[in-house]
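A.B. asks: This is the structure I want to talk about, given as structure tokens.
The values are calculated or read from the model by the stated rules, or taken from the named source; none is laboratory data. This is a predicted model, so every value here is computed, not measured. Note that each Cβ is placed from the backbone with ideal geometry, even for glycine, and that neighbours are counted across all protein chains shown. Keep in mind that these areas ignore ligands, DNA and RNA; they rest on the heavy atoms of the full protein, side chains included. Shrake-Rupley method; radii C 1.70, N 1.55, O 1.52, S 1.80 Å.
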Amino acid sequence: MCGICGIYNFEKDMKIDKTILINMNKVMAHRGPDGSDYYLDGFVGLGHIRLSIIDLEYGNQPMCNEDESVWVTFNGEIYNFEEIKIELKAKGHKFITNCDTEVIVHSYEEYGTDCVLKFNGMFAFAIWDKKKEILFLARDRMGIKPLYYSISSGNIIFASEIKAILQHPDIKAELEVNSIPEYFFSTILLDGKTMFKNIYSLPAGYTLVFKNKSKFLNQYWDIEIREAEGTHYYNQYKEKILNLFKDSVKKRLMSDVPFGSLLSGGLDSSLVSAVATEYVNNKLKTFSMEYSDNSGLNNSNSDIKYSRIMAKTFKTKHKEFLLKTEEYNDILENVIWHVEKPIELTTPSLYLLYRNLKDDITVVLSGEGADELFGGYFFFLNQDNQLTEFPWAPYYNEVSMLFEPEIEKETHFTKKISTTLHDMMNRFDTNDYLNRKLYLFLKLYLLEMLERQDKTSMAWSVEARVPFLDHRLVEYVANVPSNYKVRNDVEKFILKEIAREILPTEVVNRKKKPCPFPIDPKTIYVRKNIANDLVQSSSSKISQYFNKKAVNDFFNKKNRFKNIDNLAIFRTSYALISLEAWHKTFGV
């Protein structure tokens, strides 16, 4: 796991200023404390900062082939690199390291831009082909690793984090106004947008090629939802899913540094941790967290209770982090600086979790993706209604009334959200409505969760791996009939049935619980007033986006907002405060 960056000047006589690359690397130093280096080739420059995971001695980057005609800067892991390496050796390729980076170089030599189809892993990389004068950018299938870019009349600039792109003198931090309503209504940004004008995220499963001032954006992979064919028995699905999952976990234990597993005591992290114990020689290190002053700490559904059951059952070396509300409240701007956008309620908790476990491990397994893959949210129980809003972001109608009319005129967000829902839900010719809805979650909502995970973990030089998102498992489960995913008002039905053969019954039957965050009625009241004051103030940045009277009515449950519930007020107040903090943090 690392940080990458680079610059490609369209005019060949425009040499790269190494100082800019140095600054780009420096602002991402948290991602790679084990090394920093550069490659300059006239009008092209690549940068890399390293977090050593595999081949600690010889895996430095940027890395090249034998004649130095192909160079790569790479962030992530290729879990099947050993198999690919054997294949490439048989074709005559020579290797001098034991790392996966070199496999990318030789795979590109052998297969060109189709090399991405060979890789099982999480990755974002850039290859400079000197002979063909091609810059080749690629991002993994599920979007586990981020990659951002900005194109101007004179160059393309790319990096693992937006703040690195902002180090270039040609780039100014400016607001992308279309992102404001999308953030509020869906917590996701559509069409590769970021919060910054003219800075984009390379979509998951895409490559981007630059040659002679021309760009070629190509989608090399997507999830395909098909109508079920033939007869497949339930037990066959269970067996195939378990085999794919176990192989995925085993592959993701590849490491030359200390590793462990997150263990909240929920179904997903418990399955990951339990299976991981089958493949480790020593006790698996596991980690959970809770807020010490939460009223739910001693509650029957507390993470502490169930993670202890799991740790005892599977004899893990378990560590609990009891956090304080003050820690959570004091880090908003720090977390926003790392995540590079306004954040939601649980993001600071993840930031604190990774901060605490850094002293014990460098690599950690996570259960991210299982809910989106198997149908793990309560709203999947209702399959009858056609979608009119993103299910993970309710209160669309209420919150849309808070904006000034000019925002709708400028961004057309209502039409954009409606069009996105229609296009994605009707992409496939299948009557399986839930599987189509899960596609929406996997392609949109999950991307936001993965970006959050990358930024909060790499803030502390921790590599998070996600076994549920092995593309082989995703492709298979995406086409398991939905009546095996949600049945008898039970979410993730087939996954829970698999888990019953592995986990303690009380863990399998546990009621779903979100990532912990401080629950304090007094704080909620104070936060509501702060958010309202920000909108009413003429000196705040966000006051220009929102209608002052509507916001005041909303927070005081007046007029058309008299029936608004407290959760809507809770979420919206945090969103407003976070948006103002983003403006302040990045000087926008």
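A.B. asks: Can you sort M254, M14 by 1.4 Å-probe accessible area, starting with the largest?
C.D. replies: Solvent-accessible surface, decreasing: M14, M254.
A.B. asks: Now a separate question. Using a 1.4 angstrom probe on the protein heavy atoms only, could you order Y525, Y354, Y377 from most to least accessible area?
C.D. replies: Values: Y525 135, Y354 0, Y377 40 Å².
Highest to lowest solvent-accessible surface, that is Y525, Y377, Y354.
A.B. asks: Expected output is a single nm value to one decimal: the length gained when fully extending between F379 and N301, i.e. 0.36 nm times separation in residues minus the C-alpha distance. What is it?
C.D. replies: Contour length minus the Cα-Cα distance gives 26.0 nm.
A.B. asks: Rounded to the nearest 10 Å², what accessible area does W128 show when all protein chains are kept and the probe is 1.4 Å?
C.D. replies: Here the residue's solvent-accessible area equals roughly 0 Å².
A.B. asks: Taking 0.36 nm per intervening residue step and subtracting the Cα-Cα distance, what contour gain separates I225 from R427 on full extension?
C.D. replies: 71.8 nm
A.B. asks: Given the DSSP H assignment, sum -39500 (n - 2.57) over each helix run of at least 4 residues in the chain and divide by its residue total; what's the result at 222 nm in deg cm²/dmol, nearest 500?
C.D. replies: Taken over the chain, the calculation gives -11000 deg cm²/dmol.
A.B. asks: Considering all projection directions equally, how large on average is the shadow of the alpha-carbon convex hull of region 104-225, in square nanometres?
C.D. replies: On the way: hull surface 35.2 nm².
With the hull built on Cα positions only, its mean projection is 8.8 nm².
A.B. asks: So what is the accessible area of region 521-586 per residue, in Å², with the probe set to 1.4 Å?
C.D. replies: 50
A.B. asks: Nothing charged except the Cβ atoms of Lys and Arg (+1) and of Asp and Glu (-1): what's the magnitude of the dipole of the chain about its Cα centre? Round to the nearest 20 debye.
C.D. replies: On the way: 75 positive and 79 negative charges, 230 e Å.
Charge dipole of the chain: 1100 debye, to the nearest 20.
A.B. asks: Then there is this: How large are Rg and Dmax for region 521-586 when only the alpha carbon atoms are used, in Å?
C.D. replies: In order Rg, Dmax, the Cα atoms of region 521-586 give 11.5, 36 Å.
A.B. asks: Also, quick follow-up: Please state the Cα pair-distance histogram of region 219-279 with 10 angstrom bins from zero: what percent is in each bin?
C.D. replies: 17, 35, 31, 16, 2
A.B. asks: Suppose we keep just the alpha-carbon trace of region 393-534; what are its Rg and Dmax in angstrom?
C.D. replies: Values for region 393-534 (Cα only, Rg and Dmax): 19.8, 56 Å.
A.B. asks: Leaving ligands and nucleic acids out of the surface, order K312, K285, K584, K305 by accessible area at 1.4 Å, largest first.
C.D. replies: K312, K584, K305, K285
A.B. asks: With a 1.4 Å probe and every protein chain left in place, tell me how much accessible area K324 has, in Å² to the nearest 10.
C.D. replies: For K324, solvent-accessible area is about 120 Å².
A.B. asks: Semi-axes of the equivalent ellipsoid of region 471-558: what are they in whole Å, largest first, if each equals the square root of 5 times a C-alpha gyration tensor eigenvalue?
C.D. replies: Details: eigenvalues 403, 69, 33 Å².
Output for region 471-558: semi-axes of 45, 19, 13 Å.
A.B. asks: Take the Cα gyration tensor of region 3-219, multiply each eigenvalue by 5, square-root it, and list the three semi-axes largest first, rounded to whole angstrom.
C.D. replies: 27, 19, 17
A.B. asks: Using protein chains only and a probe of 1.4 angstrom, how many square angstrom of R452 are accessible, to the nearest 10?
C.D. replies: Probe radius 1.4 Å; accessible area of R452 about 30 Å².
A.B. asks: Another question, if that's okay. Tell me the carbon and sulfur percent of the accessible area for the chain, rounded to whole percent, probe radius 1.4 Å.
C.D. replies: Here carbon and sulfur together make up 48 percent of the probe-accessible area.
A.B. asks: Please report the projected area of the chain's Cα convex hull averaged over all directions, in nm².
C.D. replies: With every direction weighted equally, the projected area is 26.6 nm².
A.B. asks: Follow-up question, since we're still on this one. Given 4 °C and 1.567 mPa s, how large is the Stokes-Einstein diffusion coefficient of region 155-277 in µm²/s, with Rh as the Kirkwood radius over Cα pairs?
C.D. replies: Diffusion coefficient, whole number: 67 µm²/s.
A.B. asks: Once the mean 1/r over all distinct Cα pairs of region 251-333 is inverted, what Kirkwood radius in angstroms do you read off?
C.D. replies: Mean inverse Cα-Cα distance, inverted, gives 13.8 Å.
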